[in-house]
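Taking it in order: structure first as structure tokens, then the write-up.
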Amino acid sequence: MDLVFKLEKDKTKEEVMAEITSQLKLIKDIKSADKINSYLVDPTLHFAMWDYSETEIKYPVWLIIISKTDDTGILFSEYGFGFGNWGLTKLSDNPFHFSMDNYWFDTIEEAFLNSFMAN
């Protein structure tokens, strides 16, 4: 059985875009900000698998950054786990997975800098 949780606290696309904008304003290094901007895409809603449950549970995530070359994306989710709401994912995973907590970061910049895209 495919169980999807969707709670009332979920952000709209416009609210996610506002989160991204506020995160970008916090980046001091112009080169990093420019590089992040080059990978940004229009946020799209997906449902990612929660890997730590006996049943199949999916939570909403927004795909906001894509690098097909690196098979890497950055997700925003209010259900982000571990260290924050900005998570790394493999684009080839279908569906996306939340993976380990060390794939989640407090800021979009931290997520980006810990990805292959930053190299």
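When I30 is tested against (1) among the hydrophobic types (A, V, I, L, M, F, W, C); (2) without any contact (Cβ under 8 Å) to a residue 12 or more places away in the chain; (3) under 20 Å from T12 (Cβ atoms), only condition (3) is not met. Scoring T69 on the criteria (1) closer than 20 Å to L26 by Cβ; (2) of a type in the set (V, I, T); (3) surrounded by fewer than 17 Cβ atoms within 10 Å (Cβ to Cβ) leaves a single failure, condition (1). Annotation for the stretch 58-76: at least one member residue is touching a strand residue (DSSP E or B) at 6+ places or on another chain (Cβ under 6 Å) and of a type in the set (D, E). Taking residues in the stretch 13-27 that are closer than 13 Å to P43 by Cβ and at pLDDT 95 or above, and partners anywhere that are among the β-branched types (V, I, T) and not in a loop (DSSP other than H, G, I, E, B), the pairs with Cβ atoms closer than 8 Å and at least 6 places apart or on different chains are V16/I64; I20/I64; I20/I108; Q23/I108.
With respect to (1) open to solvent by less than 30 Å² (accessible area, probe 1.4 Å); (2) under 13 Å from the mean Cα position of the chain (by Cα), the lone exception for I57 is condition (2).
The values are calculated or read from the model by the stated rules, or taken from the named source; none is laboratory data. The model shown is predicted, which means the values in this text are computed figures rather than measured ones. Cβ atoms come from the backbone with ideal geometry, glycine included; neighbour counts cover every protein chain shown. Calculation scope for accessible area: heavy atoms of the full protein, side chains included, ligands and nucleic acids excluded. Shrake-Rupley method; radii C 1.70, N 1.55, O 1.52, S 1.80 Å.
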